[in-house]
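*Asks:* Sharing a structure with you now.
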Amino acid sequence: MKLLFNKEKNFFIILFTLLSSLSYAQGWVGGVIGTNEVLYPVSSNLTLNDIRIGVGTDLPTTQFHTTGTLRFENLAQSSTNNRLLSIDSDGNVAWRDANSLFNNSNNWLLTGNNATSTDFIGTLNDQDFRVRTNNQRRFVIEKNGRAKFIADGSTYGSVASLTQVSIFTDESTSYNSNRHFDGLYIFNSNASANTNKGVSIVLGGRMATPGPGYWSTCAISAVVDDQASTGETVDLVFQHENPANQYVENMRLTWDGRLGVGTNNPTARLHTKDSGVRFEGLPSGTGKNLVVDNDGNVYVSNVTSRTTSTNQEGTEQISELKNRVESLEKLVKQLLDEKNNKSESNDVTLFQNIPNPTKGSTSIPYLIPSDYSLINATLKITSSTGKAIHEIAINKKGLSQVEVPSDVFPANGVYFYSIIVNGKIYDTKRIIIQR
């Protein structure tokens, strides 16, 4: 009886121990939900309450806490899911609406943005801002603020911008009058831009005070004129800003090649108004005279013009001819006087040179009676100091003359010439050289 009691006692002790152990057990319990086999965590109170699993830590703070790496392999791919996993600075994982990423004010959307006054696109460091299409550089804002546009095939895309704005093209077609080159194209597409409308390129510089009204500018404009008979035409207009900050048209080149300076309606290839025309530093030459009618039209005259040098030479020739005529008149008078004084002269006579003074060559008349025995006769020229510089042989009797070239006289001054016949000096006269 005692043995049976002891056995029963031991059984209850073992049963109590097992029950006590089970009351503090925790682990995993397998089960089936539908066709899926699942594994449930079991807490110490034998319920399905949440438990914390720590990998690499004995103090997990969440249901799953790992201090190492995490890897997923062979995951299914979905392009329609709109939730993303995100991690905060403490490593906590949460899901996030994918659309919220693109609603961030720091992101620029392809569909447009609600920008603020402080938003921008660009670089924060010392680098250029580059835009590409078809994976080719098309537009670059350089770090120094200059901009350049780059066309297909241009070999200068890597060259720094030459000015504030540069356009690099790869134009391979030769110019002809029926086309233009690639480059800058500004077009006014306004449907009403048909009469006195167009586009402008404005150039200018700042004066002492910045702001409108203190900028000095000029404009190059393309002005459209819609004519019913000839269609649309475009004039090229040059304007400048005057001190009153008003634009004034200075010059216009019409579509048909007429250039107007001071007028916006040129009627000739070159039409000037009010300011006059000035030519400076023109080369000399000969040609037709230009004449102007009462309307200001310029025509070519049938009268041939002379250059200043030609006119000067003509004046000099006329003056020289006058001197020669005067000398001849004096010579005739001298001969008449000689004839009146002598009914018949048997003496050698020397006359004054023609002209005198002279700038170059000169003629020296003389008279040797025809019945005179001529053995040896010369005309001798000497300097003012008596030095002989030239001598010319005389072979003719009667009234004749000797031509003396200009190179006989080495310099300006007074010279003397004498006639010598058969060793006798008959007369000496003075000649003046003034070049």
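Each reported figure results from applying straightforward, stated rules to the coordinates on display, with no laboratory input. Source: prediction; values computed, not measured. Cβ atoms come from the backbone with ideal geometry, glycine included; neighbour counts cover every protein chain shown.
*Asks:* Quick check: pseudo-label points 7 Å beyond the Cα along Cα→Cβ at Gln136 and Ser189, how many nm apart are they?
*Replies:* 2.3
*Asks:* Simple spin-label model, 7 Å along Cα-to-Cβ: Ser406 to Lys197 in nm?
*Replies:* 7.3
*Asks:* Hey, another quick one. Using only the alpha-carbon atoms, what does the stretch 345-433 span along each of its principal axes? Please give whole angstrom values in decreasing order.
*Replies:* 39, 23, 18
*Asks:* Need one number: convex hull volume per residue for the stretch 129-168, Cα atoms only, in Å³.
*Replies:* Cα-based convex hull of the stretch 129-168, divided per residue, equals 56 Å³.
*Asks:* While we're looking at this one, here's another question. Output the pairs from Lys322/Lys380; Lys322/Lys424; Lys322/Lys387 with a Cα-Cα distance over 29 Å in this structure; if there are none, say none.
*Replies:* Among Lys322/Lys380; Lys322/Lys424; Lys322/Lys387, the Cα-Cα distance tops 29 Å for Lys322/Lys424; Lys322/Lys387.
*Asks:* What full-extension length gain, to one decimal in nm, is calculated for Val300 and Arg83 as 0.36 nm per residue of separation minus the Cα-Cα distance?
*Replies:* Numbers: separation 217, 0.36 × 217 = 78.12 nm, distance 8.95 nm.
Roughly 69.2 nm would be gained on extension.
*Asks:* What are the aspartates and glutamates whose alpha-carbon lies under 17 Å from the alpha-carbon of Lys330, with same-chain residues fewer than 8 places away excluded?
*Replies:* Glu320, Glu338
*Asks:* With a Cα-only, solvent-free Debye model of the stretch 79-177, what are the log10 I(q)/I(0) values at q = 0.14 Å⁻¹?
*Replies:* Rounded to two decimals, the profile gives -0.79.
*Asks:* At R0 = 41 Å, how high is the FRET efficiency between Thr233 and Thr123 if r is their beta carbon distance? Nearest 0.05 is fine.
*Replies:* Once rounded, the FRET efficiency stands at 0.35.
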